[in-house]
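Visitor: The following block contains the structure, expressed as structure tokens.
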Amino acid sequence: MRSFLALIGCCFAVAASVTGYAQSTHPAIKEQRANSVTHKLVGTWRLVSVETVRPNGEVIYPFYGRHPEGVLIYDRSGWMSVQIVSDPKPTLASSGSREGLLAATPPEKANLVDGYYAYCGTWTVDKSNSTVTHHITQSLYPAERGTEGVRNFSLDGSRLILVAKGIHEMGEVHERSLVWERVPSELP
């Protein structure tokens with residue numbers, strides 16, 4: 001009887017080993033493991049900082065100021081959205097209503113647009129290159145619609161660092177680093 005139980009135990013051990021090997025090499029399991037990074041990005045992130053690095057290494061703050069605010073959302077279905085308000089925050093002297101905005105002067109409206117940035121679309125992760133690609137469908141900047149923004153990413157505890165490389169602006173090629181902090185999923 002002990003020999004029979006030992007044989008059954010060995011069969012279970014071999015079956016578990018073979019099953020474990022099969023699962024580790026099965027494409028669906030590999031995809032699930034690759035997507036574990038995707039699951040780590042899902043959620044809402046609050047902007048901590050935006051730094052632009054010039055070719056000589058100098059850090060500058062040309063568009064968003066030193067203390068911008070914003071939110072980045074990656075959802076499970078593959079949609080994303082980002083919004084950034086510059087520092088200092090743009091203001092409007094007239095009413096804060098939609099009517100007040102429509103009645104604002106062209107310079108007031110230009111100030112509001114200069115101090116705000118937003119786009120949305122879908123997102124995909126390339127784990128092997130540590131990149132997340134934002135497939136932009138709508139943007140405050142019309143030229144961005146239908147483009148892809150590739151960002152190198154790294155996770156450091158509750159922080160997500162996104163780096164956009166090769167940005168052509170102001171007559172130079174820049175690198176922009178955005179640091180985001182995870183927003184807890186529970187409401188207060």
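Visitor: Grab the other residues whose beta carbon is less than 14 angstrom from that of P62, score K and R as +1, D and E as -1, and report the net.
Guide: On the way: positive: R54, R66, R176; negative: E51, E58, D87, D114, E169, E172, E175.
Combined, the nearby Lys, Arg, Asp and Glu give -4.
Visitor: Which one, G65, A104, G171, is farthest towards the positive end of the dipole of the stretch 30-182 when Lys and Arg carry +1 and Asp and Glu -1 on their Cβ?
Guide: Toward the positive end, the furthest listed residue is G65.
Visitor: Still on this structure: Going by average Cβ density within 10 Å per residue, which order do the peptides 57-69, 74-86 take, highest to lowest?
Guide: Answer by packing, highest mean first, reads 74-86, 57-69.
Visitor: Moving on to the next point. Per residue, what volume in Å³ does the convex hull of the Cα atoms of the stretch 30-182 enclose? Kindly include the intermediate steps, with their values, before the conclusion.
Guide: On the way: hull volume 20.5 nm³, N = 153.
Here the figure is 134 Å³ per residue.
Visitor: Let me ask another. Could you check how much of the accessible area of the stretch 44-91 is carbon and sulfur, as a whole percent, using a 1.4 Å probe? All intermediate terms of the calculation are to be shown ahead of the outcome.
Guide: Working: 1390 of 2720 Å².
Exposed carbon and sulfur together represent 51 percent of the surface.
Visitor: For K109 and K127, calculate 0.36 nm times their separation in residues minus their Cα-Cα distance, and state this gained length in nm to one decimal. The partial results should precede the final answer.
Guide: Values: separation 18, 0.36 × 18 = 6.48 nm, distance 4.07 nm.
Working it through step by step, the gained length comes to 2.4 nm.
Visitor: A further question follows. Would you mind computing, in nm to one decimal, how far apart the modelled labels at D75 and N56 are, each placed 7 Å from Cα along Cα→Cβ?
Guide: Placing both labels 7 Å along Cα→Cβ, they lie 4.6 nm apart.
The values are calculated or read from the model by the stated rules, or taken from the named source; none is laboratory data. What you see is a predicted model; the values in this text were computed from it and never measured. Using ideal geometry, Cβ is built from the backbone for each residue, glycine included, and neighbour counts are taken over all protein chains shown. Ligands, DNA and RNA are excluded from the accessible area calculation, which covers all protein heavy atoms including side chains. Shrake-Rupley method; radii C 1.70, N 1.55, O 1.52, S 1.80 Å.
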